[in-house]
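The values are calculated or read from the model by the stated rules, or taken from the named source; none is laboratory data. Quantities reported herein were computed from a predicted structural model and do not represent experimental measurements. All Cβ positions, even for glycine, are placed from backbone atoms using ideal geometry, and neighbour counts span all protein chains on display.
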Amino acid sequence: MTKNELRIVFMGTPDFAVESLRRLVEGGYNVVGVVTMPDKPVGRHQDTLQPSAVKQYATEKGLRILQPEKLKDPKFVEELSSLKAHLQIVVAFRMLPEVVWQMPPMGTFNLHASLLPQYRGAAPINWAIINGETETGITTFFLQHEIDTGNIIQQVRIPIADTDNAEVVHDKLMLLGGDLVIETVDNIIAGTIQSTPQSQLISDETLHPAPKIFKDTCRIDWDLGVKRTYDFIRGLSPYPAAWTHLINGNKTEVMKIFATTKETASHSLPTGTIIIENSELRVALNDGFLKIDELQIAGKRRMKTSEFLRGFRAETQICVM
């Protein structure tokens, strides 16, 4: 079977998935359908519908689009079946029911943004950085009952630099993911796939999960120390962004922090104390300081700290907590 004969259904939603779909389309692979999330209400009154990034690309290319509310809906299952796909590819989508992932004769594989079995879950990029990992990667694997546990097909590893944030790692893995999807499809066509059960890759080391991130997850715990707080902030930057309460006298505001510089030092200041000098804002932690480089006060735009301080009047007592 050639790539023109292989009937592929692609499933995905955000920008991360678009790169893989683009590589398939531009590579001449036979994408017979695209499954993505229903359009999302946006705006102040939720009266505008925003299509997913995958839908926008698929629409531009004239691809057939399916947007089921429920993946077990008999009408959707029937329509999906009518596409007669040989293979399904999932990139940053929802958990599929068995009736869907078992449908194609050549299986359904997923592109996951971690080195499985580590960081199973919805936010692998964020949690790898939050945990201070120096390496991550991408994995293709065949779907099975439990999420992110199927047999591994291929993996690619990349280093995480100490200055990388979630956006930087996301973009690197997005591009590598496009390469790996194409390589995986080609190997499936060639019949050279030899998948590996994840159980064979689990050693004595702890498995780190990557659960979905909520607002409360993003609140900074300043007691973690310089390194862990630094990693926490960059692991959530630029989205959804780590946040804290800025207390300035009697006024308390929510402040998002996007970039910091870490400084290890000895001092006697209480954790959370803010020092403002030379157009810099530094937070005292138990083993040093974090210089805040970019921030956003609720209701205002993101800005450099030097710009923020030009219009900021500090009271006698100022801290974060």
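Which one of the conditions (1) touching a residue at least 12 places away in the same chain (Cβ under 8 Å); (2) within 25 Å of Gly235 (Cβ to Cβ); (3) not in a strand (DSSP E or B) does Ile275 fail to meet, given that it meets all the rest?
(3)
Is there a residue in segment 307-314 that is of a type outside the set (S, T, N, Q), loosely packed, with under 12 Cβ neighbours inside 10 Å and either touching a strand residue (DSSP E or B) at 6+ places or on another chain (Cβ under 6 Å) or not in a helix (DSSP H, G or I) (or both)?
Looking through segment 307-314, at least one residue is of a type outside the set (S, T, N, Q), loosely packed, with under 12 Cβ neighbours inside 10 Å and either touching a strand residue (DSSP E or B) at 6+ places or on another chain (Cβ under 6 Å) or not in a helix (DSSP H, G or I) (or both).
Can you tell which of Gln102, Gln50 is closer than 22 Å to Glu146 by Cβ and either polar (S, T, N, Q) or not assigned by TED's automatic domain parsing to the domain that holds Asn126 (or both)?
Going through Gln102, Gln50 in turn, the sole match is Gln102.
Among the residues of segment 216-255 satisfying the criterion of being surrounded by fewer than 22 Cβ atoms within 10 Å (Cβ to Cβ) and among the basic types (Lys, Arg), which is farthest from Ala166 (Cα to Cα)?
Only one residue fits best here, namely Lys251.
Restrict the check to segment 201-214 and report whether at least one residue is assigned to a helix (DSSP H, G or I) and within 26 Å of the chain's Cα centre (by Cα).
Yes, segment 201-214 contains at least one residue that is assigned to a helix (DSSP H, G or I) and within 26 Å of the chain's Cα centre (by Cα).
Does Arg44 fit the bill of being touching a residue at least 40 places away in the same chain (Cβ under 8 Å), at negative phi and out of contact with any Leu (no Cβ under 6 Å at 6 or more places or on another chain)?
no
Looking for something aliphatic (A, V, I, L, M) and modelled with pLDDT under 95 - is there at least one such residue anywhere in segment 65-86?
No.
Restricting attention to segment 55-85, which residues are closer than 22 Å to Asn4 by Cα and of a type in the set (Val, Ile, Thr)?
Hits for segment 55-85 are Thr59, Ile65.
If Lys212 satisfies every condition in (1) among the charged types (D, E, K, R); (2) closer than 29 Å to Glu19 by Cα; (3) surrounded by 13 or more Cβ atoms within 10 Å (Cβ to Cβ) but one, which is the exception?
It is condition (3) that Lys212 fails.
May I ask you to verify whether Arg23 is at negative phi and in contact with a helix residue (DSSP H, G or I) (Cβ under 7 Å, 6 or more places away or on another chain)? I'd like the intermediate steps shown before the answer.
Details: at negative phi: yes; in contact with a helix residue (DSSP H, G or I) (Cβ under 7 Å, 6 or more places away or on another chain): yes.
Here the answer is yes, as Arg23 does meet what is asked.
So Glu205 clears everything in (1) closer than 30 Å to His86 by Cβ; (2) at pLDDT below 95 except one condition, right? Which one?
Condition (1) is where Glu205 drops out.
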